[in-house]
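What follows is calculated from the coordinates using simple rules that are stated; it is not laboratory data. It should be emphasised that the depicted structure is a prediction, and the values quoted were computed from it without experimental measurement. Neighbour counts are summed over all protein chains in view; Cβ atoms, including those assigned to glycine, are modelled from backbone coordinates with ideal geometry.
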Amino acid sequence: MARGQDVKTPLCVAAYTRDLFVPREGDNGKESYQCTLIFKKGTDLSALQESALQAAVAEWGDKARDMLKQGVIRSPFIDGDGKQGRDAEGNPKPGFEGTTFIRCKSGKDYKPKIFDKRRNPVMDPADMPSGSQVYAVINPFTWSHPTNGKGITFGVSLVQVARPAEGDEILGGGGGPNPDKWLDVIDDEGEAPATTQGGAGASGLFG
């Protein structure tokens, strides 16, 4: 495995941020810290691309350039308008349209350090909801798998929260539904708000 140099990302949106605080077990049975970084199409990603290329060449030599062009090496840069930017039903995932995204991970023994805009440590996932704007320090590393072939993935070591997501900016994967969208303030007395009362619609199908 070859490791590329550390590089700071442009401003981006972080999704699935809870996995930066609590490691998640993958298909291989190993736990890792993870997140997805989302960039608007047109964002200058040349520094990230160059670092990824350096790691590929270090692992596979100059032929890595052609291997990347031919798709023999899986690129870490994923089209948000493609298949991987859609859910199981084929619908665009919120926040992924018109973007390029990368999936980042760090081993269980290498927890990423997270800071706010004043460089104070962020310890609570609630202070960095999925959908927050961030800068991150990441590094590419190569991998080979008997069935999945060859590829490049980015590790993540530092994250700085430029602006926490609020309201409708919050994406799925960051700790559940947004309470501002779904919950009413309920008085101590009187009838429940109309939005919480049952009706004769779809609920009748599941009685």
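Evaluated at q = 0.15 Å⁻¹, a Debye calculation over the C-alpha positions of region 63-182 (equal weights, vacuum) places log10 I(q)/I(0) at -0.87.
When you count the other C-beta atoms within 10 angstrom of each residue and take the mean per peptide, 77-90, 138-151, 48-61 line up highest first as 48-61, 138-151, 77-90. Per-residue extension of 0.36 nm, minus the Cα-Cα distance of Asp66 and Met123, leaves a gain of 16.2 nm for this segment.
Averaging the Cα positions of each part gives two centres, and for region 57-82 and region 123-155 these lie 17 Å apart.
Inter-label distance, Asn91 to Gln49: 3.3 nm, where each label sits 7 Å from its Cα along the C-beta direction. Listed by chain and number, the lysines whose C-alpha is less than 16 Å from the C-alpha of Lys69, apart from same-chain residues fewer than 8 away, are Lys150.
Full extension of the segment from Asp27 to Asp6, taken as 0.36 nm per residue of separation minus the current Cα-Cα distance, would add 4.9 nm.
Across region 7-171, Cα pairs under 8 Å and at least six residues apart give a relative contact order of 29 percent. Using Cα positions and a limit of under 18 Å, work out the lysines in reach of Lys113, with same-chain residues fewer than 8 apart set aside. Result set, ordered by chain and number: Lys8, Lys105.
The packing ranking, built from the mean of other Cβ atoms within 10 Å per residue, places the peptides 105-112, 120-127 in the order 105-112, 120-127, highest first. Once the C-beta distance of Ser75 and Asp184 is scaled by a Förster radius of 45 Å, the resulting FRET efficiency is 0.50 to the nearest 0.05. Within region 117-147, which residues have the backbone N less than 17 Å from the label spot 7 Å out from Arg103 along Cα→beta-carbon, could you tell me? From region 117-147, the list is 139-147.
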